[in-house]
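The values are calculated or read from the model by the stated rules, or taken from the named source; none is laboratory data. Everything quoted here is computed from the prediction, not taken from an experiment. In case anyone asks, the SASA skips ligands and DNA or RNA and just uses the protein heavy atoms, side chains included. Shrake-Rupley method; radii C 1.70, N 1.55, O 1.52, S 1.80 Å.
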Amino acid sequence: MIAAQRAVVEPRIERVRTATQRRTRRTRRRLHAPVHAVVTLAIVLLVPLLGYVTLTANLTSLNYSLARAERDRTALLGDMQRRDEQIARLESPDRLAAVAAALGMHDPHVYAVVRVPAPKPQPKPTGLALFAWFSAR
């Protein structure tokens, strides 16, 4: 009889124990619910804000890079114009004539015409190239 009472009592104790555990879990969840709501709200608000700040920083960086590239391009164009002017000044016929006169050069008074003989036609190779090499020696 005692064993029969024990068998009846133990399942009831287990049901009571699980019910108590469920109540404590439910109470704990209810206590943490406002914290979870605040954290979720903060994440929902901060993620788009951080994305916006990141995109704005990237756009600003690209604008600075573009301004730097335009400044370099303008500097290179100015340098190229200065070089073109310098080349034109150094290639001017008046300057070249003055340098030639300082070196004692003058225009030729007599022009020489030199005839270059026409090239002789080469004989067409016959046979194998290896044999032609041996026959040339």
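Checking Leu96, Leu66, Leu103, Leu90 one by one, the residue that is open to solvent by 100 Å² or more (accessible area, probe 1.4 Å) and at pLDDT 90 or above is Leu103 and no other.
Please go through region 113-130 and give me each residue that is assigned to a loop (DSSP other than H, G, I, E, B), open to solvent by less than 90 Å² (accessible area, probe 1.4 Å) and at pLDDT below 90, ordered by number. I'd like the intermediate steps shown before the answer.
Let us first name the residues in region 113-130 that are assigned to a loop (DSSP other than H, G, I, E, B), namely 113-128.
Pick out the ones that are also open to solvent by less than 90 Å² (accessible area, probe 1.4 Å) and you get 118, 127.
Gly127, the sole residue that qualifies.
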